[in-house]
2 protein chains.
Amino acid sequence: MASSENDAAAQTPPPPADDNSSESAPAALSKKQAKKMAKKEAKEDRKQQSSAAAAAAAGPEDDPFSGNYGDIPVVEIQSKAISGREWTEIGALVDELSGRSVLVRGVAQTIRPVSKKMAFVVLRQYVSTVQCILSVDKEFVSPQMVKFATALSKESIVDVEGIVSVPKEPIKGTTQQVEIQIRKIYCVNRAVSLLPINVEDAARSEADIQKAEFAGEQFSRVGQDTRLNYRVLDIRTPANQAIFRIQCHVEDVFRRFLRSEGFVGIHTPKLIAGSSEGGAAVFKLDYKGQPACLAQSPQLHKQMVICGGFGRVFEVGPVFRAEDSYTHRHLCEFVGLDVEMEIKEHYFEVCDIVDRLFVAMFDDLNENCKTELSAINRQYPFEPLKYLRKTLKLTFEEGIKMLQDAGVEVDPLGDLNTEVERKLGQLVREKYDTDFYILCRYPLAVRPFYTMPCYDDPKYSNSFDVFIRGEEIISGAQRVHLPELLTTRAEACGIDVKTISSYIDSFRYGAPPHGGFGVGLERVVMLFCALNNIRKTSLFPRDPQRLAP
Amino acid sequence: MASSENDAAAQTPPPPADDNSSESAPAALSKKQAKKMAKKEAKEDRKQQSSAAAAAAAGPEDDPFSGNYGDIPVVEIQSKAISGREWTEIGALVDELSGRSVLVRGVAQTIRPVSKKMAFVVLRQYVSTVQCILSVDKEFVSPQMVKFATALSKESIVDVEGIVSVPKEPIKGTTQQVEIQIRKIYCVNRAVSLLPINVEDAARSEADIQKAEFAGEQFSRVGQDTRLNYRVLDIRTPANQAIFRIQCHVEDVFRRFLRSEGFVGIHTPKLIAGSSEGGAAVFKLDYKGQPACLAQSPQLHKQMVICGGFGRVFEVGPVFRAEDSYTHRHLCEFVGLDVEMEIKEHYFEVCDIVDRLFVAMFDDLNENCKTELSAINRQYPFEPLKYLRKTLKLTFEEGIKMLQDAGVEVDPLGDLNTEVERKLGQLVREKYDTDFYILCRYPLAVRPFYTMPCYDDPKYSNSFDVFIRGEEIISGAQRVHLPELLTTRAEACGIDVKTISSYIDSFRYGAPPHGGFGVGLERVVMLFCALNNIRKTSLFPRDPQRLAP
């Protein structure tokens, strides 16, 4: 009965309504659609449930195998009992289990009736999928059972019990290379029959869509806003499962590397009295009658912890930016990976940590996330990141020179805009064969007030940015640890020093020279995988127009 | 020249002004004091700096060893050069280095002139301290050099170069059992001479204060509010260095354990449209013209990620509670350790994770944080936590019965207040010899709307709390994964379901049965170490009256 029934995508229902709206289209529009959709669903749902109930009710009388299928009653999934049965993970279904009976729980990704006597069900769990075959026989499976299974809605949660078998030909449509011959099938939880997003549509690469179009077929493209409105469905795709597993892996390596170098993980408050970075891009709120801000970074507090004698610290936590940025690389809330450390002599000690941390991270991702990276590659093809064993460090002046030599007009003491950064990334790649490099000694005027000026030229500062594929992901610097200079610099940058007095005072009680850096977690993942939008690497992104879901 | 000059605490300056105000005393009062103090300091500071400059200026002419000491010029600590010199960590100073020359950077914890020709300097780095001896000789040390060193203010950052020696008698006042015979001493950064908190005062145990009082001596007690106002100084004490290193270790174990069990670390938004837990205790703000809240927990979003097919997830992040709670165990912002997972049949599958995670954590802390635990114990003595290899699980009804048998009046369907929880903890300890247990099957009425009712009695729920030393640290439950029941329950609990519609809709697309729990990181550390106030385990605590530093 082993089968080579492979192309799970072949049988899709008519594509659901979809907006191909651009990123900046108002989310409000989609919400209306959502409401309409929800009503429709609820109706469908009731219809479906009553017919299912009818089927189940009809079952027992005329089907000797009626115990082998059906909807699991709610009471049974309310922690009624512990049966002691063992579930096998779909990812663990391998050849060695051939002939063995297994019990799996998964999502019904596709359900394909072949005839009244046979059907295929592809079950998915996390990133793994397996093909299950339901075929009428004299011992376990009745035609009613096939009917029950084929009436299930896609994305429903299903328990399947059956025998593992190895098909003669390799299976193309699933991750697992075995099949399950179903003996029992129960529905744990039903999805509405009309889903706002078809997960298979959401998982399809642009290349596949175009190939199908060329062949005269029509697949639905799922727009960015629709994806985000129905994120719970969208994140079920292999690429998204992989993206957020890689994100977690990045954090694992970040933490493990820094811990091994003597850093202590800390947590600083997000509710603060003054703004941490200055400027208007701050969310304000009332804190028990006092005006408060959401921290734009843990900058001030992580420095205070260094003044508190912790030597080397890091923090992973949300940072909030009320900026009206509608770009592919800005969010109003993102996860900051922050580092702060005492330095003995030079901020290059900080650059050294950046260098070793990120080379270790890239190595680790390439080595240990192969499955995830290829899942992303299948939907969003990208070139592997080029990086050197010892990270290239250029000065800002050298960068300016490279740009000028290439005919790009730039202000030698101004900031680089996104376009110029991209161009420089290109030039660096051509000359040094790397997508990852450090640009140091930035002009003082374009850095925050707490940045230490250069000893030899106060127009420049002991600071750096780090780039991946021509986009900035890290900013770092030596900090001013002298309270008088800090006050002067804050005032020069238009900061109300009263609002940061406890920060400035921290440097009066014996403050070690120190420096640090901040990284955006979403940007690391986005740029390592060359994804085109930061919203793809945030589970529930927040931008100026999106506060939901 | 090796010495047994030990009691670093013997010579302290007159105790600084201090408030012994209770925890709930308004922070505003202390702020005024702070301002006054800052002014005074600034004046002292200027005085001190000019006299130091004078001394340094006088040096070169009449002292052949003038190159061996002095203030390092600012320009030298502005990343001027990388000298290639090697610094030794104070914690790495051991017998084996005897006779070797080392360079260390540390905080001048105490400076004791013995005569015009000799002085002791205790240097501190993180949790380690070492005694350094400065004694006039013909090769390196002049009387002017001794004068320079003894004029340094405590808590200044100092570089010392010298020879390691092993004293004949053990050193009681420092962690390291070697001394450094100073040959060079430079000040990297000066502390103001009049510190708002004396670190040695802040580090003293109540027992030591009382012992001194009994002997007719007077030590200053540093009140909780003063500590928090000058947190940068307060966290330099051994106990505080230990507390926050343990906190980081707790997070290490949490993450490592869950990763090894197949959980994925996630980050969910803190800026949300509706409140996540209902009730009034929510911080509100304006989000680009839309009303927004700060998430009181990642509850809704972590469940949505489970609906998104991630199977098992965890999150470490800030949670915000606008409650007017002035207790020893409530904060307005704390770090939540959150877990959510699919369950196959029973919420005891969640309890099993709690059990194994926390037993692993307690084992690990006891095994790997001995130094830190004893540092805390020296200032805040506590009994080691009693816990069983397999965590005790009692039902709420059993708990009520134990309380009633002990003559405590309790509502069998109401919540337990703090006092009753403590009492139950005591009874459990007496009967089962454990400080750590799970109380399950809580009355439904006292649990949040998303809690799954019991299959056999809707007055109860599939939920649990976990207690350490009679105080709650964890709340967990099976969740309602059926959208209709969820809507009914939300309405019954007075939640405006419109504000959580995208959450409720998440369960319409195929939702697996699931459960999870949330832990307060600060509470774990507080209760493991039996500390009396949660403000001791938060770096920069936020309560209804404290938004700074």
Only one of (1) out of contact with any Lys or Arg (no Cβ under 7 Å at 6 or more places or on another chain); (2) modelled with pLDDT under 95; (3) on the phi < 0 side of the Ramachandran plot does not apply to B:Pro291, and that is (1)
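Per-residue answers, yes or no, for (1) more than 30 Å from A:Ser79 (Cα to Cα); (2) open to solvent by 10 Å² or more (accessible area, probe 1.4 Å); (3) modelled with pLDDT of 95 or more:
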| position | (1), (2), (3) |
| --- | --- |
| B:Gln478 | no, no, yes |
| B:Ala490 | no, no, no |
| B:Ile495 | no, yes, no |
| B:Phe507 | no, no, yes |
| B:Gly515 | no, no, yes |
| B:Leu521 | no, no, yes |
| B:Val524 | no, no, yes |
| B:Ala530 | yes, yes, yes |
Which one of the conditions (1) farther than 23 Å from A:Gly317 by Cα; (2) charged (D, E, K, R); (3) in contact with a Cys (Cβ under 8 Å, 6 or more places away or on another chain) does A:Asp435 fail to meet, given that it meets all the rest?
(3)
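Tell me which residues, restricted to the range A:176-187, are within 14 Å of another protein chain (Cβ to nearest Cβ) and open to solvent by 30 Å² or more (accessible area, probe 1.4 Å). Don't jump to the end; show me each part of the working.
Initial filter on the range A:176-187 (within 14 Å of another protein chain (Cβ to nearest Cβ)): A:186-187.
Selection gives A:Tyr186 alone.
Just to check your reading of the model, which residue among B:Arg124, B:Arg112 is facing chain A (nearest Cβ under 10 Å), modelled with pLDDT of 95 or more and in contact with a helix residue (DSSP H, G or I) (Cβ under 9 Å, 6 or more places away or on another chain)? Show your work before the answer.
Details: B:Arg112 fails: facing chain A (nearest Cβ under 10 Å).
Just one listed residue meets the conditions, B:Arg124.
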Subset of the range A:439-473, residues surrounded by 21 or more Cβ atoms within 10 Å (Cβ to Cβ) and assigned to a strand (DSSP E or B), comes to A:Leu439, A:Cys440, A:Thr451, A:Tyr460, A:Ser461, A:Ser463, A:Phe464, A:Asp465, A:Val466, A:Phe467, A:Ile468, A:Ile473
State which residue is farthest from the other protein chains (Cβ to nearest Cβ) when the search covers only the range A:473-497 and only residues that are touching a residue at least 40 places away in the same chain (Cβ under 8 Å) and more than 20 Å from A:Phe314 (Cα to Cα).
A:Gly494
When you go through (1) under 13 Å from the mean Cα position of the chain (by Cα); (2) more than 7 Å from chain A (Cβ to nearest Cβ); (3) crowded, with 22+ Cβ neighbours inside 10 Å one by one for B:His249, which number turns out not to apply?
(3)
With respect to B:Val222, is the statement that it is in contact with a helix residue (DSSP H, G or I) (Cβ under 6 Å, 6 or more places away or on another chain), under 18 Å from B:Arg535 (Cβ atoms) and not hydroxyl-bearing (Ser, Thr, Tyr) true?
yes
Filter the range B:65-82 down to the residues that are assigned to a helix (DSSP H, G or I) and at the interface with chain A (Cβ under 10 Å from one of its Cβ atoms), then identify the one that is nearest to A:Pro513 (Cα to Cα).
B:Ile77
Scan the range B:317-337 and give yes if some residue there is without any contact (Cβ under 8 Å) to a residue 60 or more places away in the chain, of a type in the set (S, T, N, Q), more than 10 Å from chain A (Cβ to nearest Cβ) and on the phi < 0 side of the Ramachandran plot, otherwise no.
no
Going by what's in this entry, would A:Ser115 be described as over 35 Å from the mean Cα position of the chain (by Cα) and open to solvent by less than 40 Å² (accessible area, probe 1.4 Å)?
no
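More than 10 Å from chain B (Cβ to nearest Cβ) and on the phi > 0 side of the Ramachandran plot: which single residue out of A:Gly223, A:Gly262, A:Gly216 fits that description? Explain how you work it out, then say what you get.
On the way: A:Gly223 fails: on the phi > 0 side of the Ramachandran plot; A:Gly262 fails: more than 10 Å from chain B (Cβ to nearest Cβ).
Unique residue meeting the criteria: A:Gly216.
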Are any residues in the range B:279-292 open to solvent by 10 Å² or more (accessible area, probe 1.4 Å) and either more than 10 Å from chain A (Cβ to nearest Cβ) or in a strand (DSSP E or B) (or both), and if so, which ones?
B:Gly279, B:Ala280, B:Ala281, B:Val282, B:Lys284, B:Leu285, B:Asp286, B:Gln290, B:Pro291
In the range B:188-238, anything open to solvent by 20 Å² or more (accessible area, probe 1.4 Å), under 19 Å from the mean Cα position of the chain (by Cα) and under 30 Å from B:Ser79 (Cα atoms) is listed as B:Tyr230
Has the range B:339-350 got at least one residue that is buried (at least 21 other Cβ atoms within 10 Å of the Cβ) and farther than 30 Å from A:Ala191 by Cα?
no
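Please determine, by comparing only the residues of the range A:139-157 that are within 11 Å of A:Ala119 (Cβ to Cβ) and surrounded by 21 or more Cβ atoms within 10 Å (Cβ to Cβ), which one is nearest to the other protein chains (Cβ to nearest Cβ). Write out each step before concluding.
Taking the range A:139-157 as the starting set, the residues that turn out to be within 11 Å of A:Ala119 (Cβ to Cβ) are A:141, A:143, A:145-152.
Checking which are surrounded by 21 or more Cβ atoms within 10 Å (Cβ to Cβ) leaves us with A:141, A:145-146, A:148-149, A:152.
Details: A:Val141: 23, A:Met145: 20, A:Val146: 21, A:Phe148: 17, A:Ala149: 15, A:Leu152: 10 Å.
The extreme case among them is A:Leu152.
For (1) touching a Pro at 6+ places or on another chain (Cβ under 9 Å); (2) more than 30 Å from A:Ile243 (Cα to Cα); (3) in a loop (DSSP other than H, G, I, E, B), each residue gets a yes or a no:
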position	(1), (2), (3)
B:Ile306	yes, no, no
B:Val313	no, no, no
B:Ala360	no, no, no
B:Leu365	no, yes, no
B:Leu373	yes, yes, no
B:Tyr387	no, yes, yes
B:Gly399	no, yes, no
B:Leu403	no, yes, no
B:Leu424	no, yes, no
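If you take the residues of the range B:300-316 that are open to solvent by 10 Å² or more (accessible area, probe 1.4 Å) and either touching a residue at least 12 places away in the same chain (Cβ under 8 Å) or not assigned by TED's automatic domain parsing to the domain that holds B:His514 (or both), which of them is nearest to A:Glu323 (Cα to Cα)?
B:His301
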Filter the range A:158-173 down to the residues that are open to solvent by 10 Å² or more (accessible area, probe 1.4 Å) and more than 14 Å from A:Asp95 (Cα to Cα), then identify the one that is modelled with the highest pLDDT.
A:Glu161
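Given the structure, is B:Thr327 modelled with pLDDT under 95 and either within 19 Å of the chain's Cα centre (by Cα) or not acidic (Asp, Glu) (or both)? Quick ask: steps written out before the conclusion?
Values: modelled with pLDDT under 95: yes; either within 19 Å of the chain's Cα centre (by Cα) or not acidic (Asp, Glu) (or both): yes.
So B:Thr327 passes the test.
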Collect the residues in the range B:351-364 that are open to solvent by less than 40 Å² (accessible area, probe 1.4 Å) and more than 12 Å from every other protein chain (Cβ to nearest Cβ), keeping them in residue-number order.
B:Ile353, B:Val354, B:Asp355, B:Leu357, B:Phe358, B:Val359, B:Ala360, B:Met361, B:Phe362, B:Asp364
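The values are calculated or read from the model by the stated rules, or taken from the named source; none is laboratory data. The shown structure was predicted, so the numbers you read here are calculated from the model rather than taken from an experiment. All Cβ positions, glycine included, derive from the backbone under ideal geometry; neighbour counts span all protein chains shown. Accessible surface is based on the protein model in full, side chains and every heavy atom, while ligands, DNA and RNA are left aside. Shrake-Rupley method; radii C 1.70, N 1.55, O 1.52, S 1.80 Å.
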